[in-house]
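Laboratory data are not the source of any read-out in this text; all were calculated from the coordinates shown. All figures in this text were calculated on a predicted structure; none of them were measured in a lab. Note that each Cβ is placed from the backbone with ideal geometry, even for glycine, and that neighbours are counted across all protein chains shown.
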Amino acid sequence: MDHVKICNKIDQTIKSLTELKALFSAQAEPTLVAQAEPTENLSQFEELKKALFSDKWPVAVNPNLICDPNSSEDKKERGIGILELIIEDQLTKESKFLDFGCGEGHCVTSAVETLGCGLSVGYDVKAHDWPISTDNTIFATSYEQAAALGPYNAILMFDVIDHPVGETPEQILKKAADLLAPNGKIYLRCHPWISRHGTHLYHKLNKAYAHLVFTDKELKLLSDYEPEPNTKIVYPIASYNDMSKAAGLVVFNQRNITESVDSFFKIPKIAERIIANTGHGQFPEFQMGLQFIDYVLTKA
């Protein structure tokens, strides 16, 4: 084989290796927008906005798992699912159950109809379109009324302390603790702000971690989003444990529900935004992976 053929073969090999390297590099490095779109100004709001509405931005919640707010059947099934997922001990005809922050009250009625609870009370500072109270399902906007019906063997607090109104999370937990029977348990589901769907924004804009990348002001421009009260927990485990301790409660059981953070959010300019908006000194991958934390709490 002459030198010309050898050189040509070497050139072809180098070209093939270069193309192969480019292919693997493209798969390893996620991009925000189509290749024809510039990413140099990613830190600018308009560029982030383009990325947000592209199909490359991961969803916050699987659309098939989002409860239809206009479907009574969906909300009833969700209530049953919450009880079966969160309440570990069996409820009986002798049990008193309190849904502290009951919302529309689907868990209250399900505790009686599905779990056979003797008395189920729903307490919320805001009245909803509740079913008419009966002998064993009662709804109240008065803490004193809820307290008078106690003490309770089981208290559910589902996504409550992350959205306090007029009180601190510690004060809310203390009020719940005061309603416990001697061997009663509080079943607490926490939904940290730093999680992929840490607000209820996904009902309007189903984009993961959008609330960490954009400010509340920017989100309002993007989706007409009105920020809800939120404690904006960025160190979930330490924060919730401290809150429980301050309320005179001890952790009987703890379950962390995690999900890996998409590599998309480790793109430098997006990661920089997340670091700045969460106040972390580095990319908070561990904290962002904590989607829910479920606690079983008892009196100290």
- Message: Could you work out how much longer the chain between Thr114 and Phe45 gets when fully extended? Use 0.36 nm per residue separation minus the Cα distance between them, nm to one decimal.
- Response: 20.0 nm
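Val61 to Gln90: FRET efficiency via 1/(1 + (r/R0)^6), r the Cβ-Cβ distance, R0 30 Å, to the nearest 0.05? Walk me through the numbers on the way to the answer.
On the way: r = 30 Å, r/R0 = 1.01.
In this case the efficiency is close to 0.50.
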- Task: Rounding to the nearest 20 debye, state how big the charge dipole of region 37-299 is about its Cα centre with +1 on each Lys and Arg Cβ and -1 on each Asp and Glu Cβ.
- Result: 480 debye
- For Lys266, the lysines lying under 28 Å Cα to Cα, once residues fewer than eight places off in the same chain are dropped, come out as Lys21, Lys49, Lys50, Lys56, Lys204, Lys207, Lys217, Lys220, Lys232
- Positive-end residue of Ser120, Ala147, Leu173, charge dipole of region 88-205 with Cβ unit charges: Leu173
- Under a no-solvent Debye model with one identical scatterer per Cα of region 146-278, what's log10 I(q)/I(0) at q = 0.17 Å⁻¹? -0.96
- Message: What are the ³J(HN,Hα) couplings of region 224-233, residue after residue, when phi is run through the Karplus curve with 6.51, -1.76, 1.60 and θ = phi - 60°? Round to Hz, x for glycine and proline.
- Response: 6, 8, 9, x, 8, x, 7, 6, 6, 5
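What fraction of the DSSP beta bridges in the chain is antiparallel, stated in percent and rounded to the nearest 5? Could the numbers behind the result be given before it?
Details: 14 of 32 bridges.
Percent antiparallel among DSSP bridges in the chain is about 45.
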- Which one of Gly279, Met157, Val59 is farthest out on the positive end of the charge dipole of the chain, using unit charges on Cβ (Lys, Arg +1; Asp, Glu -1) and the Cα centre as origin? Gly279
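Compute for region 238-291: radius of gyration divided by Kirkwood radius, i.e. Rg/Rh, restricted to C-alpha atoms, rounded to two decimals.
Values: Rg = 14.5 Å, Rh = 13.1 Å.
With Rh from the inverse mean 1/r over Cα pairs, Rg/Rh is 1.11.
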- Query: Which far-off residues, 5 or more places away or on another chain, put their amide H under 5 Å from the one on Val61, with H placed in the peptide plane?
  - Reply: none
- Query: Taking amide hydrogens as modeled 1.01 Å from N in the peptide plane, which residues meet the under 5 Å criterion relative to Gln291, leaving out close sequence neighbours?
  - Reply: Ile257, Thr258, Glu259
- Item | Calculated FRET value between Asp68 and Phe264, using beta carbons and R₀ = 35 Å, to 0.05 | 0.80
- Report the FRET efficiency, 1/(1 + (r/R0)^6), for Arg255 and Ala276, where r is their Cβ-Cβ distance and R0 is 41 Å, rounded to 0.05. 0.85
- Message: Skipping prolines and chain starts, which residues have an amide H placed within reach, meaning under 5 Å, of the one on Ala181, given they are 5 or more residues away or on another chain?
- Response: Tyr152, Asn153
- Item | Relative contact order of the chain, defined on C-alpha pairs under 8 angstrom at six or more residues apart (%) | 17 percent
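Restricting things to Cα coordinates, could you compute the convex hull volume per residue of region 71-213 in Å³? Before the final figure, lay out each step's value.
Working: hull volume 17.5 nm³, N = 143.
Taking only Cα atoms, region 71-213 has a hull volume of 122 Å³ per residue.
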- Taking the Cα atoms of region 84-165, what is the range of coordinates along each of the three principal axes, in descending order and whole Å? 32, 26, 22
- Note on the structure: Along region 242-253, Karplus-curve 3J(HN,Hα) (6.51, -1.76, 1.60; θ = phi - 60°) to the nearest Hz, with x for Gly and Pro, reads 5, 4, 5, 5, 5, 8, x, 10, 10, 7, 7, 7
- Note on the structure: Computed on Cα atoms, the radius of gyration and Dmax of the chain in angstrom are 25.0, 99
